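Okay, structure first, notes after.
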Amino acid sequence: MGMSQQDYFEERKRMVAHQLRSRGISDRRVLEAFESIPRHLFVPEEYWRSAYGDSPLPIGFKQTISQPFIVAYMTQALELTGAERMLEVGTGSGYQAAILSHLAAKVHTVELIPALAERAAKILTDLEIRNVFVHVGDGSQGWSEAAPYDAIIVAAAGPRVPKSLLEQLADQGRMILPVGEIGVQDLELWKRRGGTFSHETLLPVAFVPLRGKEGI
């Protein structure tokens, strides 16, 4: 017998309590977004029962949906107010974009693999999320048509910070991304003040490689 919608809701509440709150995710809006977005719908059906576990899951095409804590940690670090125009690099399953839809005014998300972009766009449409715009393209070069962005989040790791992404960051904007070699990277938070960029290193992570002209 399958799980009911109520079962999934209870699973989400447990995920928020045990994986997010207990590890220092305290932004009320972030926690509410995680409680409301049905993460299981963003993974293949055979993984639905594992969707709220403390781990990444495969979504096909050698890509993954990130561990909930990492998605929440990166999201909270951007200190979103609800007014931001955002860019996400690496749509993947579409789950991170769905979370961001609750926290920013407009989200442009770019995916290199057309089949993943199409699947994510369909799920977002089915959930009646209307402020996320899915594009197929080389996310390592950002999405210049809608730049500049108040916040940028990158869900894949390159050996260095893509210059295009720094250029598409608005004044006072911030960007979070993993930087490093395949297998081990550091999560970095970048901020722009006029023509000056500063950054801090937050924690070690392991993301799939950033493909494209300014990736690997």
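Values quoted throughout were computed directly from the atomic coordinates according to the rules given, and no laboratory measurement underlies them. Note that the structure is a prediction, hence the values are computed from the model and not measured. Neighbour counts run over all protein chains shown; Cβ positions are idealised from the backbone, glycine included.
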Subject >> Cβ-derived FRET efficiency at R0 41 Å, Ser26 paired with Ser144, nearest 0.05 >> reply: 0.75
Original post:
How big is the gap, in Å, between the Cα center of segment 70-125 and the Cα center of segment 183-216?
Top reply: 17
**OP:** Below 24 Å Cα-Cα, how many Lys pairs turn up in the chain? Only count pairs eight or more apart in sequence, or on different chains, if you could.
**Re:** 8
Original post:
Measuring from label point to label point, each 7 Å out along Cα→Cβ, what is the Asp171 to Arg14 span in nm?
Top reply: 5.0
Original post:
Using alpha carbons only, how many degrees (0 to 90, rounded to 10) separate the axis of helix 114-126 from the longest principal axis of the chain?
Top reply: 60
Subject >> For Ala151, distant residues with modelled amide H under 5 Å away >> reply: Arg85, Leu87, Arg174
Subject >> For the chain: relative contact order, % (alpha-carbon pairs under 8 angstrom, 6 or more apart) >> reply: 14
Original post:
How large is ³J(HN,Hα), in whole Hz, for each residue of segment 89-104 in order, when computed from phi with the Karplus curve 6.51 cos²θ - 1.76 cosθ + 1.60 and θ = phi - 60°, using x for Gly and Pro?
Top reply: 9, x, 4, x, 6, x, 5, 4, 4, 5, 4, 5, 4, 7, 10, 10
Original post:
Which length gain, in nm to one decimal place, applies between Leu202 and Glu118 when the Cα-Cα distance is subtracted from 0.36 nm times their residue separation?
Top reply: 27.0 nm
Subject >> Check: the chain dipole with +1 on Lys, Arg Cβ and -1 on Asp, Glu Cβ, in debye >> reply: 200
Subject >> In Hz, Karplus ³J(HN,Hα) per residue of segment 78-88 (6.51, -1.76, 1.60; θ = phi - 60°; x = Gly, Pro) >> reply: 7, 6, 6, 9, x, 9, 6, 8, 10, 10, 10
Original post:
What are the residues whose amide H is under 5 Å from the amide H of Val208, where those residues sit 5 or more places off or on another chain and H is modelled from the backbone?
Top reply: Ala157
**OP:** List, in order, the whole-Hz ³J(HN,Hα) value for each residue of segment 105-111 obtained from phi through the Karplus relation with A = 6.51, B = -1.76, C = 1.60 and θ = phi - 60°; use x for Gly and Pro.
**Re:** 6, 8, 10, 9, 10, 10, 10
Original post:
Got a sec? How would His199, His18, His108 order by Cβ neighbour count within 10 Å, fewest to most?
Top reply: His18, His199, His108
**OP:** Can you find, among Ser36, Val110, Pro204, the residue farthest towards the positive end of the dipole of the chain? Put +1 on the C-beta of Lys and Arg, -1 on that of Asp and Glu.
**Re:** Pro204
Original post:
Helix 68-77 versus the longest principal axis of the chain: what angle, 0 to 90°, nearest 10, using Cα atoms?
Top reply: 40
Original post:
How far is it, in nm, from the label point at Lys191 to the one at Thr81 when both lie 7 Å from their Cα along the line to the Cβ?
Top reply: 1.4
Original post:
Hey, what number do you get for the chain at 222 nm if only DSSP H runs of n ≥ 4 count, each worth -39500 (n - 2.57), divided across all residues, to the nearest 500?
Top reply: -7000 deg cm²/dmol
Original post:
Under a plain spin-label model, where a point goes 7 Å from the Cα along Cα-to-Cβ, how far apart in nm are Arg130 and Gln6?
Top reply: 3.2
Subject >> Correct option for Kirkwood radius over Cα pairs in Å [calculated from the coordinates] among (1) 18.9; (2) 21.0; (3) 17.2 >> reply: (3)
